[in-house]
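See below for the structure under consideration.
The values are calculated or read from the model by the stated rules, or taken from the named source; none is laboratory data. These numbers were taken from a predicted model, which means no experiment stands behind them. Backbone-built Cβ (ideal geometry, glycine too); neighbour counts: all protein chains shown.
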Amino acid sequence: MQIRSLEELNKIKQKSAGKIALRLHRDTTTTGKNILVCGGTGCHANESDKIIKILEALLKSRGMAEQVKVIRTGCFGFCEQGPIIKIEPDNVFYVRVGLKDAKAIVEEHIVNGRWVERLLYEDPQKKEKVNTQEEMTFYKKQLRVALRNCGLINPEDIYEYIAVGGYEALGKALTQMSRAEVIEIVKKSGLRGRGGGGFPTGLKWEITSKQEDEEKFIICNADEGDPGAFMDRSILEGDPHSVIEAMAIGAYAIGADKGIVYIRAEYPLAISRLTTALRQARELGVLGKGIFGTSFNFDVRLKYGAGAFVCGEETALINSCEGKRGEPNYKPPYPAEEGYWGHPTCVNNVETFANIPVIMTRGAEWFASIGTEKSKGTKVFALAGKINNVGLVEVPMGITFREIIFDIGGGIPHGKKFKAVQTGGPSGGVITEKGLDTPIDYDSLLEIGSMMGSGGMIVMDEDDNMVNIAKFYLEFTMDEACGRCVPGRIGTKRLFEMLHKITSGKATMADIDALKQLAYMVKDSSLCGLCQTAPNPVISTMKHFWHEYLAFVEDVDHPQGEGRYIPKNKIGLKS
Amino acid sequence: MTKPQEIDVMEPVEQEFPKEKYDELESFINSLETTKGALIEILHKAQHIFGYLPRDVQLFIARKLGIPGAEVYGVVSFYSYFTTKPSGKHTISVCMGTACFVRGADKIVEKFKERLGIESNETTEDGLFTIKDVRCIGACGLAPVVMVDDKVYGRVKVEDVDDIINIYRRKGAEVCR
C-alpha cells in the first residue's frame, strides 16, 4: 500500500495507534503489557537479544504471548546500567538484567504483578531503590528531542514510527509548504549543525537551494569517527526513520532528488536497521516517485565508509563517496556550490537531521525557546570515562558541565576527585574545575579553549596524566591524518614523537618549547579542520596542566640549577 | 584507456584463490548499475569474499574497472578497514576509544601483545589470532571493551586476558581432536 496523501497517512496513524498506546499510557482498558528491551549496541553486547528470546519463550509457554508483547527498542541511553528492560504501562525500569532474570520478570512481575525489587535501579547517593525512569537523577535534567523515539518505538517497524507522528512533517512540507517556507522554518528555529562546526543548518539549505543546477544531492554524514562518541549510531539504530524523513524534507527544500547516507562499515547494526527502514519507506511510498501524491521524487542509498576519521570532514566525505581516497579539498568552493560529482550538495550530520521533523511539526518558535541565545535546542552528549553513569544524555543547550557530570552523570566513581573533562574529541580541549560552571553552547566552549565537536564528553579523574591523554589523542590524529598537507602529515607525527619523548622522561625544556611552537604552527597551517584542530589537546593540556609537563622534564640544560630556562621564542600560550 | 600498472609493494607470497571467488566478485561488479564511484563498494565486497585484499585481487579489480592498479592500491592503503594481509582464525579487537583508554585499554592491548608475541595488525604463527586496535566500538558503558570476532567482552581487566585467549585456544583444540 502506498501513502498518497496526508489523510491516508492519518488513517494509518490511527490504525497503528494501538501498537504504542500502552507505552504512551493512552490505553487504560486492556490488561496487556509491553516489555521494552534495549537493543542498543551496549545492551546488545550484553546479550539483550538472548533475553528477548527467553522472555518470548517463557510468555509463550504460559499462553501469554498475545497479551504481553516483547519489543526491541533503540537505546535508552543509560548504558552503564544495561541491559535495560522497561515494562509498560506500569512504568517500571529494570537495570542490569541478566539472562537468569528473565524468568523472575515473567513470573514475578507479569504473572503475579509484583515488582522485582532487586532489578530496580538504586540511587547511589540516597541508597534507595528508584521505581520509574522519571525519578532517576540520570533522566531528570534531560530533554529528549533528537532521541525522542529511542527507547520508545521498535526501530524496525515503520508503523510504530507513524503512530508517534512520523512522516507527518514530510507530508505537510510537500503538500502545504513551498521550498522557501521549509527553509524559513529551519532558519528561524536556529538549528546549528550537530556534527561539530555549528554552521546554521537553514543557511546551508538556503545556499544549496539557490544554486542553479539540474542535479543536487543531500548527504547524511553518519561517519562517526570521534572515539568515545556514539550518538549518531544510537539514533540510526533507535530511530532510523526520523533521519530518512528529515533527509526527504531537506531534499525537497534544496531541490534534490537523490540522497546518500555515508555510514561507517563498522556499524553493522545501524546499517541493518537503516536498510530495513529504507525498504519499508519505499513500500509505503514515502520514498520513491511522486511522494504524497506530489511531483516530488526522492530516494536514498547507502555508501559505506572504510575507517578514516578525516571522512567526517565534508569535502573528504564527498571524495570518499566518489570511491576515492578520503582527502579533503580546499574550500571554497563549498560543497553547497560544488560537491558530489561537481553538483551542489548539502551535507548534514545524523543528529542535525533527527531534529528536523520535530521542528517542522512543533514549530520554529518552540525549538528556539530551548537553549541559549545563539545555540538553540538540545545537544546529545556521549558521557564516558571516569564517571558513574556512562551513557547518552540529551540536554538543553546552556546547561553547565557541573550539572551534566555531577547530577546526570552521578559524579566520579570510587570517591576519586574530578580532574578534567575532554569535549570535542581529538579536536577539542580539556575543561577543568574552573570551567565546570560554564553554560554549554558552541561559543562559550570555544571561548574556554575547547569545542562542541560531535558531543563526546570524556571525564578524567585524579589518576589520569594529562600528558598521556594528549599523547593518546596525537597518536590518533597522526594515524588518521590523510597525508595530503605537510603540517598534517609530518607535523602531527613530530608532535607525537615529542610527546613520546616527554612521557618517557628523555625530554628537556627545549623540547617542550619546540612542542609548543610546533603545535601553533600545525594549527595555523594545516589544510583542513582535522589537523588545524589536532594540536588542541596539547595546547589545552599545556595551559591547564603545565606542571605535569614539567614533572616529566629534568632541567638538563641547567643541571646545577644555575638558572631557570628561558624560552627561545616568545610564543606563549594564548589564553 | 590506461593500462593497469604493476605494483610491487606487498609481500610476494600470494595465496591462490579458486576461480569461483573471482567469478563471484566479477558477477557483483557486473551487477552494478555503474562502476563510476563504486571502487570502495567493490573493495568491501572483495574483502568480504576473499577475507583480505591481496595484490592479485586488487589487480583484478583494476583491470575490470579499467583504472590503474596504483589507484586501487591508493584507496586500499588509505582506509584502515581494508587489509592486505590475511587474518587469523580469530580477530581480537581491543577498543582504543578515549573512554576505553582512560579505563586502561592500553594496558590490555599490551598484555595481549605480550602473551601472543605479536604486534597490532599481526597474526600469530599458528594462524589462530590477529590483534587489531579499533577506534571505537561505541559500547563505552562497558569500557574497556575487547571484541573477539563478534563476541564483546566488557569491563575487561588485565587478569582476564589469559582467560580470553584460553577460551579460543581450547576451541581450536577441540576442533583438532
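Could you look through the stretch B:110-167, keep only residues that are of a type in the set (S, T, N, Q) and not in a loop (DSSP other than H, G, I, E, B), and pick out the one that is nearest to A:Glu237 (Cα to Cα)? Give the steps one after another, and end with the answer.
At the first step, the residues of the stretch B:110-167 found to be of a type in the set (S, T, N, Q) are B:120-121, B:123-124, B:130, B:166.
With not in a loop (DSSP other than H, G, I, E, B) added as a condition, the list becomes B:123, B:130, B:166.
Details: B:Thr123: 33, B:Thr130: 29, B:Asn166: 33 Å.
Applying the filter and picking the extreme gives B:Thr130.
Which one of these is touching a Pro at 6+ places or on another chain (Cβ under 7 Å) and either touching a residue at least 12 places away in the same chain (Cβ under 8 Å) or not in a helix (DSSP H, G or I) (or both): A:Ala336, A:Ala354, A:Ala384? Don't jump to the end; show me each part of the working.
Numbers: A:Ala354 fails: touching a Pro at 6+ places or on another chain (Cβ under 7 Å); A:Ala384 fails: touching a Pro at 6+ places or on another chain (Cβ under 7 Å).
Selected residue: A:Ala336, the only one of A:Ala336, A:Ala354, A:Ala384 that is touching a Pro at 6+ places or on another chain (Cβ under 7 Å) and either touching a residue at least 12 places away in the same chain (Cβ under 8 Å) or not in a helix (DSSP H, G or I) (or both).
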Residues that are modelled with pLDDT under 95: find the helices (runs of 4 or more DSSP H) completely inside the stretch A:122-178 holding 3 or more of those. A:137-140
Going through A:Ala251, A:Ala270 one at a time, which residue ends up being in contact with an Asp or Glu (Cβ under 8 Å, 6 or more places away or on another chain), assigned to a helix (DSSP H, G or I), at pLDDT 95 or above and more than 20 Å from A:Thr315 (Cβ to Cβ)? A:Ala251
Would it be correct to say that A:Glu88 is more than 20 Å from A:Leu24 (Cβ to Cβ) and not β-branched (Val, Ile, Thr)? no
Of (1) out of contact with any strand residue (DSSP E or B) (no Cβ under 6 Å at 6 or more places or on another chain); (2) under 15 Å from A:Phe381 (Cα atoms); (3) of a type in the set (S, T, N, Q), A:Ser427 fails just (2)
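Does any residue of the stretch A:459-481 turn out to be polar (S, T, N, Q), buried (at least 24 other Cβ atoms within 10 Å of the Cβ) and modelled with pLDDT under 90?
The initial filter retains those residues of the stretch A:459-481 that are polar (S, T, N, Q), namely A:465, A:468, A:477.
Now restrict to residues that are buried (at least 24 other Cβ atoms within 10 Å of the Cβ): A:477.
Narrowing further to those that are modelled with pLDDT under 90: none.
No, the stretch A:459-481 contains no residue that is polar (S, T, N, Q), buried (at least 24 other Cβ atoms within 10 Å of the Cβ) and modelled with pLDDT under 90.
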Out of the stretch A:99-116, which residues are free of Cβ contacts under 8 Å to residues at least 24 places away in the same chain, over 25 Å from A:Ala21 (Cβ atoms) and not in a helix (DSSP H, G or I)? A:Lys100
Within the stretch A:276-288, does at least one residue satisfy the condition of being under 27 Å from A:Ile183 (Cβ atoms), assigned to a loop (DSSP other than H, G, I, E, B) and within 12 Å of another protein chain (Cβ to nearest Cβ)? no
A:Lys386 vs (1) within 14 Å of chain B (Cβ to nearest Cβ); (2) under 14 Å from the mean Cα position of the chain (by Cα); (3) of a type in the set (D, E, K, R): all pass except (2)
Filtering the stretch A:121-144 for residues that are at positive phi and not basic (Lys, Arg) leaves a count of 0
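Within the stretch A:149-163, how many residues turn out to be of a type in the set (S, T, N, Q) and surrounded by fewer than 24 Cβ atoms within 10 Å (Cβ to Cβ)?
1
I'd like to know if the stretch B:154-164 contains one or more residues that are facing another protein chain (nearest Cβ under 9 Å) and either crowded, with 20+ Cβ neighbours inside 10 Å or among the small types (Gly, Ala, Ser) (or both).
yes
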For the stretch A:282-295, state whether one or more residues are closer than 19 Å to A:Asn348 by Cα and charged (D, E, K, R). no
Given the residues A:Ser375, A:Ser427, which is the only one that is within 14 Å of chain B (Cβ to nearest Cβ), among the small types (Gly, Ala, Ser) and within 20 Å of the chain's Cα centre (by Cα)? A:Ser427
Which members of the stretch B:142-162 meet the condition of being free of Cβ contacts under 8 Å to residues at least 12 places away in the same chain and under 22 Å from A:Pro426 (Cβ atoms)? none
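Considering each of A:Ala384, A:Ala368 in turn, give the residue that is touching a helix residue (DSSP H, G or I) at 6+ places or on another chain (Cβ under 9 Å), among the aliphatic types (A, V, I, L, M) and more than 22 Å from A:Glu224 (Cα to Cα). Reasoning before the result, please.
Working: A:Ala384 fails: more than 22 Å from A:Glu224 (Cα to Cα).
Step by step, each of A:Ala384, A:Ala368 is checked, and only A:Ala368 is touching a helix residue (DSSP H, G or I) at 6+ places or on another chain (Cβ under 9 Å), among the aliphatic types (A, V, I, L, M) and more than 22 Å from A:Glu224 (Cα to Cα).
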Over 20 Å from A:Asn355 (Cβ atoms), surrounded by fewer than 16 Cβ atoms within 10 Å (Cβ to Cβ) and touching a residue at least 24 places away in the same chain (Cβ under 8 Å): does that describe A:Thr175? yes
Within the stretch A:427-474, how many residues turn out to be under 16 Å from A:Gly197 (Cβ atoms), part of a loop (DSSP other than H, G, I, E, B) and acidic (Asp, Glu)? 1
Just give me the residues in the stretch B:43-89 being facing chain A (nearest Cβ under 8 Å), assigned to a helix (DSSP H, G or I) and either within 12 Å of the chain's Cα centre (by Cα) or aliphatic (A, V, I, L, M) (or both), in sequence order. B:Leu43, B:His44, B:Val75
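Considering A:Gly385, A:Gly312, A:Gly326, A:Gly377, which residue is of a type outside the set (Val, Ile, Thr), modelled with pLDDT of 95 or more, buried (at least 24 other Cβ atoms within 10 Å of the Cβ) and touching a Gly at 6+ places or on another chain (Cβ under 9 Å)? I'd like the intermediate steps shown before the answer.
On the way: A:Gly385 fails: modelled with pLDDT of 95 or more; A:Gly312 fails: modelled with pLDDT of 95 or more; A:Gly326 fails: modelled with pLDDT of 95 or more.
Criteria check complete, one pass: A:Gly377.
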Among the residues of the stretch A:458-467, are any in contact (Cβ under 8 Å) with a residue 60 or more places away in the chain and away from every other protein chain (no Cβ under 12 Å)? yes
Every residue from the stretch A:80-95 that is within 11 Å of another protein chain (Cβ to nearest Cβ) and not polar (S, T, N, Q): A:Glu80, A:Gly82, A:Pro83, A:Ile84
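In the list A:Gly195, A:Gly228, which residue meets the criterion of being crowded, with 24+ Cβ neighbours inside 10 Å, more than 14 Å from chain B (Cβ to nearest Cβ) and part of a loop (DSSP other than H, G, I, E, B)? First the steps, then the outcome.
Numbers: A:Gly228 fails: more than 14 Å from chain B (Cβ to nearest Cβ).
The conditions single out A:Gly195.
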Please give the number of the condition A:Lys543 fails out of (1) touching a residue at least 12 places away in the same chain (Cβ under 8 Å); (2) part of a helix (DSSP H, G or I); (3) of a type in the set (D, E, K, R); (4) farther than 16 Å from A:Thr423 by Cα. (4)
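Looking only at the stretch A:389-424, count how many residues are outside any strand (DSSP E or B) and either within 14 Å of another protein chain (Cβ to nearest Cβ) or of a type outside the set (Gly, Ala, Ser) (or both).
The number of residues fulfilling the criteria is 20.
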Would you call A:Glu8 more than 31 Å from the chain's Cα centre (by Cα), away from chain B (no Cβ under 14 Å) and on the phi < 0 side of the Ramachandran plot? yes
Does at least one position in the stretch A:59-77 carry a residue that is in contact with a helix residue (DSSP H, G or I) (Cβ under 6 Å, 6 or more places away or on another chain) and of a type in the set (S, T, N, Q)? no
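Does the stretch A:207-217 contain any residue that is crowded, with 23+ Cβ neighbours inside 10 Å, at pLDDT 95 or above and of a type outside the set (Asp, Glu)? Outline the logic, then answer.
Step one: of the stretch A:207-217, the residues crowded, with 23+ Cβ neighbours inside 10 Å are A:208, A:217.
Adding the requirement that they be at pLDDT 95 or above leaves A:208, A:217.
From what's left, of a type outside the set (Asp, Glu): A:208, A:217.
For the stretch A:207-217, residues crowded, with 23+ Cβ neighbours inside 10 Å, at pLDDT 95 or above and of a type outside the set (Asp, Glu): present.
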